[in-house]
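The values are calculated or read from the model by the stated rules, or taken from the named source; none is laboratory data. Remember, predicted model here, so these are calculated numbers, not experimental data. Here Cβ is always computed from backbone atoms with ideal geometry, including for glycine, and neighbour counts include all displayed protein chains. Ligands, DNA and RNA are excluded from the accessible area calculation, which covers all protein heavy atoms including side chains. Shrake-Rupley method; radii C 1.70, N 1.55, O 1.52, S 1.80 Å.
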Amino acid sequence: MNWIYNPWPWYISGPLIALVLFLLLMIGKKFGMSSNLRTICTLCGAGKTADFFRFDWKAQRWNLIVVLGVIIGGYIGSNFLSSNSRVAIHPKVISDLQSKGFESAGETYMPEKFFSDAVLTDPKSLLLLVLGGILVGFGARYAGGCTSGHAISGLSNLQIPSLIAVIGFFIGGLLMIHLIFPLIF
């Protein structure tokens, strides 16, 4: 059982991802997570106020099950299949993050500065989370999909717009971490 507690090597996880994408391609489906927000909004009645939400949501039920599986799988993996929650990152990165106020850097995957109950009482952290969520949600819809949809599904289907989006994701990530992140923290 020890093999399940450790990260799987690329030669196992890569072919498994390729197999899933091949099967989705064969049945005419596209993988992506951000499209589920549209489906959920449609389920909640957003189609009454905006044409964007007027579509056959029942055709996307399978993708909602994928989201449910990700949530359940993440919970099981985090609580029952993890032997070590310590993150293997370079000590210089840990000290840099700790100097910016991320005390739990290198100890957990999700920094307590953003993923604890204290974030609800800290106006700066709450504002950053809300603003970041809006920007990520808008960006995913504007780009026609999220990082997983473009980088995994779009690139495997050799779609040029997905290549452009993935290049944009990397450029945006580099700009964020090197230019904007130091200004915020």
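Solvent-accessible surface of the chain, averaged per residue with a 1.4 angstrom probe and all protein chains in place: 73 square angstrom.
Projection of the Cα convex hull of region 47-118, averaged over all directions and equal to a quarter of that hull's surface, yields 8.4 nm². Surface composition of the chain: carbon and sulfur atoms hold 71% of the protein heavy-atom accessible area at a 1.4 Å probe.
Computed from the alpha carbon positions, the gyration tensor of region 100-154 leads to an equivalent ellipsoid with semi-axes of 27, 16, 7 Å, biggest first. Taking every DSSP helix (H) stretch of at least 4 residues in the chain, weighting each as -39,500 (n - 2.57) and dividing the sum by the residue count yields a mean residue ellipticity at 222 nm of -16500 deg cm²/dmol. Averaging the sequence gap over all C-alpha pairs within less than 8 Å and six or more residues apart, then dividing by the number of residues, gives the chain a relative contact order of 23 percent.
Only alpha carbons enter this Debye calculation for the chain, each as an equal point scatterer, and the log10 of I(q)/I(0) it gives at q = 0.16 Å⁻¹ is -1.44. For region 33-85, the set of chymotrypsin sites (Phe, Trp or Tyr not before Pro) satisfying both a DSSP loop assignment and a count of at most 12 other C-beta atoms within 10 Å is given as F80.
For region 127-185, the square roots a ≥ b ≥ c of the C-alpha gyration tensor eigenvalues yield an a/c of 1.5 or more together with a/b not exceeding b/c, which makes the shape oblate.
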